[in-house]
Amino acid sequence: MLSNTSKYAIRAVIYLALFAGEEKKIGIKQISKELSIPTPFLGKILQTLAKHKLLSSTKGPHGGFGLGKPADKITLIEIVDIIDGQDLFKKCMIRIEDCNENEPCSAHKKYVEIRESLHELFQREKISDFVEEIREGKNKVNL
C-alpha cells in the first residue's frame with residue numbers, strides 16, 4: 001500500500017533515530033549502504049524530509065543527516081504525508097474518482113473501515129515506538 005519512497009523514508013528516519021545524535025550526523029553513503037537504498041534516490045528523500053524540518057542536514061566533510069526533532073514527535077503519518085501525501089487514506093482503492101456514500105464502488109464500505117484504521121495507526125505510531133522495540137529486542141525490524 002505504501003510507495004517504496006515512503007518505505008525508504010520511514011526506514012531512513014528509524015535508522016537515524018537509532019544511530020545519529022545531536023552531535024553525530026550520518027553521511028548519506030553510510031545510510032545508503034546500511035539500508036541498501038540507491039544513494040541518489042535516498043538523497044532526494046532525505047533532502048525532502050530536511051526541507052520539511054523532519055531531518056537536519058549539515059554540509060561538509062563531517063556533515064550528514066540527523067533528526068530535526070525528537071523521535072517521539074515524529075509520526076508515521078507525518079513522513080508519509082511529506083513523501084506521498086494522504087491519498088492512501090482518502091482515495092478509493094478501485095475507482096479513479098473518489099468514492100462516496102452516494103456513488104460507492106463495490107469495495108467502498110469494506111475499504112473505508114480499513115482506510116480509517118490505517119490512518120489512525122499512522123497517526124498514533126511514532127518513530128520512537130520502533131526504536132524502543134528494536135533496542136529492547138521485542139521485535140526484530142529489518143531496516
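Bear in mind these aren't lab numbers, they're just calculated from the coordinates by the rules spelled out. Quantities reported herein were computed from a predicted structural model and do not represent experimental measurements. Glycine gets a Cβ as well: all are built from the backbone with ideal geometry, and neighbour counts include every protein chain shown.
Quick notes on this one:
- Looking at region 27-73, the trypsin sites (Lys or Arg not before Pro) that sit in a DSSP loop and have at most 11 other Cβ atoms within 10 Å of their own Cβ are LYS53, LYS59.
- ILE74 long-range amide H proximity, modeled H, under 5 Å: ILE127, SER128
- The string of couplings for region 57-62 from the Karplus curve (6.51, -1.76, 1.60, θ = phi - 60°) is 9, 10, 8, x, x, 10 Hz, one whole number per residue in order, with x for Gly and Pro.
- Qualifying trypsin sites (Lys or Arg not before Pro) in region 107-138, DSSP loop, other Cβ atoms within 10 Å at most 16: LYS138
- Sites excluded, GluC sites (Glu not before Pro) in DSSP loops with at most 16 other C-beta within 10 Å, longest stretch of the chain: 24-96
- Measuring between alpha carbons in the structure, the pairs from LYS69/LYS90; LYS7/LYS44; LYS24/LYS138; LYS44/LYS91 lying more than 24 angstrom apart are LYS69/LYS90; LYS24/LYS138; LYS44/LYS91.
- Distant-in-sequence amide H partners of CYS105 (H built 1.01 Å from N, under 5 Å): ASN100
- Isolated cysteines in the chain, defined as those with no second cysteine Cβ under 4.7 Å, comprise CYS105.
- Using distinct alpha-carbon pairs, which all enter the 1/r mean, Kirkwood radius of the chain in Å: 16.4
- Working note: Karplus 6.51/-1.76/1.60 with θ = phi - 60° gives region 39-46 the couplings 4, x, 5, 4, x, 5, 5, 5 Hz, where Gly and Pro are set to x.
- Here the Karplus curve 6.51 cos²θ - 1.76 cosθ + 1.60, taken at θ = phi - 60°, turns the phi angles of region 14-26 into couplings of 4, 4, 5, 5, 6, 10, 8, x, 4, 9, 10, 9, 10 Hz, with x standing for Gly and Pro.
- In the chain, the DSSP-assigned H stretches of four residues or longer account for a calculated mean residue ellipticity at 222 nm of -16500 deg cm²/dmol, using -39500 (n - 2.57) per stretch and the full residue count as denominator.
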